[in-house]
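So the structure is just underneath, and the comments pick up after that.
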Amino acid sequence: MGEYLEKEHKVLRVAVLGASPNRERYSNKAVRLLVEHGHEVLPVNPGHRETEGLPAYPSLSAIAGPVHTVSIYVSAKQAASYEAELLALRPERVIFNPGTEHPPLIAALRAAGMEVLEACTIVMLRTGQFA
């Protein structure tokens with residue numbers, strides 16, 4: 001009779017930039033998967049009031065308190081417009097999902113000491129690499 005040891009799960013505050021209420025969009029799938037994994041999810045989208053029953057923030061600057069991870073689901077051009085808000089928020093990690101990469105923004109965030117990944121939040125969650 002072996003002892004079952006469950007991997008410790010750390011709950012993270014995660015802002016999903018570009019979160020959509022459309023269940024077909026990857027940003028929505030990420031929100032649902034983050035919730036399923038027990039994380040505190042903060043959808044950010046000025047065009048929507050909520051995503052999957054969670055209140056949506058109009059901007060990153062509207063979020064009070066620390067955020068561990070910002071997962072980006074807006075175009076590279078749009079992502080660049082969030083540079084000041086990302087620098088002010090100072091998350092520990094920023095994930096640029098496929099198609100959102102903006103090299104000057106990535107460089108600026110790294111220069112400010114943030115961990116920056118060019119990865120897929122959904123894949124990271126499904127393979128246990130997110131936390």
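Read the figures in this text as sums done on the coordinates, not as results from a lab. Since we're looking at a predicted model, the values are computed, not measured. Cβ atoms come from the backbone with ideal geometry, glycine included; neighbour counts cover every protein chain shown.
Candidates in region 110-127 are the residues that are in contact with a helix residue (DSSP H, G or I) (Cβ under 6 Å, 6 or more places away or on another chain) and hydrophobic (A, V, I, L, M, F, W, C); of these, the one that is nearest to A79 (Cα to Cα) is V116. The residue pairs whose first member lies in region 83-98 and is farther than 16 Å from R13 by Cβ, whose second member is part of a loop (DSSP other than H, G, I, E, B) and not aromatic (F, W, Y), and whose beta carbons are closer than 7 Å, counting only pairs six or more residues apart or on different chains, are L87/A112; N97/C120; P98/C120. Within region 43-71, if we keep just the residues that are within 21 Å of H102 (Cβ to Cβ) and aliphatic (A, V, I, L, M), the residue that is nearest to the chain's Cα centre (by Cα) turns out to be V70. Being in contact (Cβ under 8 Å) with a residue 24 or more places away in the chain, farther than 19 Å from M114 by Cβ and not aliphatic (A, V, I, L, M) is the requirement here; does N22 meet it? No: the conditions fail for N22.
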